[in-house]
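One structure is given here, and the rest of the page talks about it.
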Amino acid sequence: MFTVSTESPEETADLAQKAGQRIREGTVLCLVGDLGAGKTLFAKNLMKMLGVETEVTSPTFSLMNVYEGICPILHFDLYRIEKEEELDELGFYEYVEEPSGIVIIEWADKFPEALPEEYVTVAFQGTEREGERYIFFSCQGEKDKDFLKELEEIC
Ligand code: ADP
Ligand code: MG
């Protein structure tokens with residue numbers, strides 16, 4: 001686990017692009033933190049590095065958006081999901097159990113039981129200073145350790 005602090009949206013974007021350079025196919029990335037913490041901004045910039053050329057929009061209302069970059073990327077937002085059954089209807093479990101690309105999940109901490117065995121968590125926290133965020137990286141399981149180690153080295 002490691003922590004990075006950013007002073008501006010641009011710094012968070014830069015961090016997300018670094019993550020995009022190192023992330024592996026098959027990774028499930030859980031983005032957690034309050035509204036406005038920076039989850040979608042991070043997702044957008046990470047996807048830029050994965051070659052997504054279309055505009056990335058927040059899946060708050062669509063619940064799931066699909067992109068094609070160097071691999072398929074699924075972008076979920078669980079904010080508006082109230083019951084776990086809705087995840088089933090979305091096909092969430094099939095997508096996250098054996099991801100065929102990269103899966104990004106905003107508000108993943110709302111349904112901890114629905115998460116696969118191995119995933120990366122990126123937690124965003126505002127501070128008393130305007131524009132500053134603490135960003136905590138950690139992972140569950142062994143699979144993503146190398147990715148996080150490499151990212152820590154370049155941060
Ligand atoms: P979320 O998806 O977590 O609800 P967004 O990424 O949509 O949040 O929005 C984050 C907002 O916070 C943006 O308006 C962004 O400009 C602003 N912001 C200010 N400072 C930062 C920072 N250090 N990192 C990320 N976003 C920041
Ligand atoms: Mg968002």
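What follows is calculated from the coordinates using simple rules that are stated; it is not laboratory data. Keep in mind that this is a model prediction, so the values were computed, not measured.
Observations on the model:
- Rounded to whole Å, sorted largest first: equivalent-ellipsoid semi-axes of segment 56-146, Cα gyration tensor: 22, 17, 15
- Close Lys pairs in segment 1-101, defined as Cα atoms under 20 Å apart and 8 or more places apart or on different chains, number 4.
- Within a Gaussian network of the chain (alpha carbon springs, distance under 10 Å), most fluctuating of Ile102, Ile70, Ile135: Ile70
- Centre-to-centre, using Cα atoms only, segment 1-35 and segment 114-155 are separated by 7 Å.
- Rounded, prolate or oblate (a/c below 1.5 giving rounded, otherwise prolate when a/b exceeds b/c) for the chain by Cα gyration tensor: rounded
- Contact order for the chain, expressed relative to its length and based on alpha carbon pairs under 8 Å spaced 6+ residues apart, stands at 34 percent.
- Residues considered: Phe124, Phe136, Phe76. Largest GNM mean-square fluctuation over the chain, using C-alpha springs under 10 Å, is found at Phe136.
- Rounded D (µm²/s) - segment 55-97, Kirkwood Rh over Cα pairs, Stokes-Einstein at 37 °C, 0.692 mPa s: 296 µm²/s
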